[in-house]
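Student: Pasting in a structure now, in structure tokens, and then I'll have a few things to ask.
The values are calculated or read from the model by the stated rules, or taken from the named source; none is laboratory data. Keep in mind that what you see is a predicted model, and the values were worked out from it rather than measured. No Cβ is skipped: glycine too gets one built from the backbone with ideal geometry, and neighbour counts run over all protein chains shown. Heads up: the accessible areas ignore ligands, DNA and RNA and are worked out on the full protein's heavy atoms, side chains in. Shrake-Rupley method; radii C 1.70, N 1.55, O 1.52, S 1.80 Å.
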Amino acid sequence: MDHAEQGPDRPGVDDPGRGRRIGIDVGSVRIGVASSDPDGILATPVETVPRSKERGPDAPDIRRIADIVEEYEAVEVIVGLPQTLRGERGKAASIATVFAKRLRRKVDPIPVRMADERLTTVTAARALRESGVSARGQRPVIDQAAAVAILQGWLDERSRSVNAGDSGGDVQLPEGGQ
């Protein structure tokens with residue numbers, strides 16, 4: 001599936017079922033990584049992986065994330081697709097899309113999906129600031145927090161999609177999954 005021209009993926013389509021998911025926030029310098037519990041309810045931070053200057057399939061950043069996918073026995077990988085509020089794409093979206101294609105080749109047959117990630121880094125930075133983490137202290141964890149936000153959004157939407165499919169739409173989690 002070519003994501004260069006289409007919008008973000010939606011949970012529920014070709015859903016692999018129960019299992020851990022890995023969330024990825026691709027930046028130009030660092031990659032935030034998060035994982036879910038096997039029931040797909042809660043996203044938690046895993047680590048921040050430095051971006052590699054190498055761009056081949058065996059680049060250190062791709063290898064490390066592929067190792068995480070294997071270690072966590074992930075059934076699906078969710079990569080954030082940064083877009084403007086109007087749904088337009090810029091350089092950051094191109095970086096994420098190219099990275100997702102490279103990762104897809106490395107972890108095949110595990111699906112790699114693109115998820116709308118508007119404002120996740122802004123939201124993550126605000127949450128860290130409000131929890132008392134200084135701006136300097138945020139740098140090492142901001143990418144992980146953004147990955148958590150991307151993955152939690154996917155999990156919440158997936159839960160609504162699965163519940164709607166199982167119960168005719170009667171059971172739905174409120175926004176934010178609470």
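Student: Going by accessible area, probe 1.4 Å, with all protein chains left in place, what is the ranking of Ile22, Ile110, largest first?
Tutor: Sorted by accessible area, descending: Ile110, Ile22.
Student: Let me ask another. Pulled fully out, how much extra length does the chain show between Arg55 and Ser134, if you take 0.36 nm times their separation in residues and subtract their Cα-Cα distance?
Tutor: 25.1 nm
Student: Give me the one-decimal nm value for the distance between modelled label points at Lys91 and Asn163, 7 Å along each residue's Cα-to-Cβ direction.
Tutor: The answer from the label model is 4.1 nm.
Student: What accessible area per residue, rounded to a whole number of Å², is obtained for the range 19-161 using a probe radius of 1.4 Å?
Tutor: 48
Student: Does anything in the range 24-66 have its amide N under 14 Å from the 7 Å Cα→Cβ label point of Lys101, and if so which residues?
Tutor: The answer is 55-57.
Student: To continue, here is another question. Which loop GluC sites (Glu not before Pro) in the range 38-118, with loop taken from DSSP, have no more than 16 other Cβ atoms within 10 angstrom of their Cβ?
Tutor: Answer in residue order: Glu54, Glu73, Glu88.
Student: Continuing with the same structure: Would you grab the residues whose amide H sits under 5 Å from the one on Gly40? Only those 5+ places off in sequence or on another chain, please, with H modelled 1.01 Å from N.
Tutor: The list, which skips near neighbours in sequence, is Gly19.
Student: Looking at Ala92, Ile78, Val112, which one has the Cα that reaches farthest to the positive end of the dipole of the range 19-161 (charges on Cβ: Lys, Arg +1; Asp, Glu -1)?
Tutor: Toward the positive end, the furthest listed residue is Ala92.
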